[in-house]
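Let me begin by presenting the structure, written as structure tokens, before commenting on it.
The values are calculated or read from the model by the stated rules, or taken from the named source; none is laboratory data. Computed from a predicted model, the values in this text were never measured in an experiment. Heads up, the Cβs are rebuilt from the backbone with ideal geometry, glycines too, and the neighbour counts pull from every protein chain shown. To get the accessible areas, we keep the full protein, side chains included, count just its heavy atoms, and leave off ligands, DNA and RNA. Shrake-Rupley method; radii C 1.70, N 1.55, O 1.52, S 1.80 Å.
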Amino acid sequence: MENSLELVTKISLNAWNTHIDRANKLLGELTDDQLQLEVSPGRNSGMYLLGHLAAVHDAMLPLLGLGEKLYPQLEPIFIRTPDKSGLEKPAIADLRNYWNKVNNRLAEHFSKLSPGDWLEKHNSVSEEDFKKEPNRNKLGVLISRTNHLASHMSQLLFLKN
């Protein structure tokens, strides 16, 4: 039988992978025209959400100590500013490519992390704060980003006809 840490890590990674697979399936079904639509009147477009998710996942690389961002140019457009900011956005085909490359890179790194690695501090918390709050670890980031992805995927479902 697996120890508790191995089990929790496996469950968390399975949830992440399940949501990535569901997102890939949904994004494969949505046309570029559908992604240009708002998920509901006055809300974000599907294109913006795709860019936002790619940017947030890209930011996980340095946050988890797995390397530099692949596409740092996405952060000002899709994290720091709202959809209707007027900033020029990349083409949807490029965003789809960024999404795939970022998540493939994350999967590559995740496969090499041991269960103990997941309990190490992430790079946004100081050693002092981590001693007070050891839950501010890499596994916590994975879980929060899984929930973040699930939330935005629920919005993107509204774009399906």
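Things to note:
- Highest mean packing first, where packing is the average number of other Cβ atoms within 10 Å per residue, the peptides 115-125, 31-41 line up as 115-125, 31-41.
- Across Phe130, Phe78, Phe158, the residue with the most accessible area heads the list, and the full order at a 1.4 Å probe is Phe158, Phe130, Phe78.
- Residues in segment 123-138 carry Karplus couplings, in order, of 7, 9, 10, 6, 4, 4, 5, 5, 4, 6, 9, x, 6, 7, 10, 5 Hz; the curve used is 6.51 cos²θ - 1.76 cosθ + 1.60 with θ = phi - 60°, and Gly or Pro positions show x.
- Cross-link reach is defined here as a Cα-Cα straight distance under 21 Å, omitting same-chain residues fewer than 8 places apart; for Lys112 the lysines meeting it are Lys10, Lys69, Lys101, Lys121, Lys138.
- Surface accessible to a 1.4 Å probe, Arg136 within the full protein complex, Å²: 80
- Centre separation in Å (Cα based) which lies between segment 8-87 and segment 113-161: 14
- Segment 37-86, relative contact order in percent, only Cα pairs under 8 angstrom and at least six apart counted: 33
- Candidate aspartates and glutamates - alpha carbon under 16 Å from Lys89, same-chain residues fewer than 8 apart omitted: Asp32, Asp33, Glu38, Glu75
- Diffusion of the chain by Stokes-Einstein, at 10 °C in a medium of 1.306 mPa s and with Rh set to the Kirkwood radius over alpha-carbon pairs, works out to 95 µm²/s.
- Taking packing as the residue-averaged number of other Cβ atoms within 10 angstrom, the listed peptides 11-19, 42-50 run from highest to lowest as 42-50, 11-19.
- Relative contact order for the chain, counting Cα pairs under 8 Å that sit 6 or more residues apart, in percent: 31
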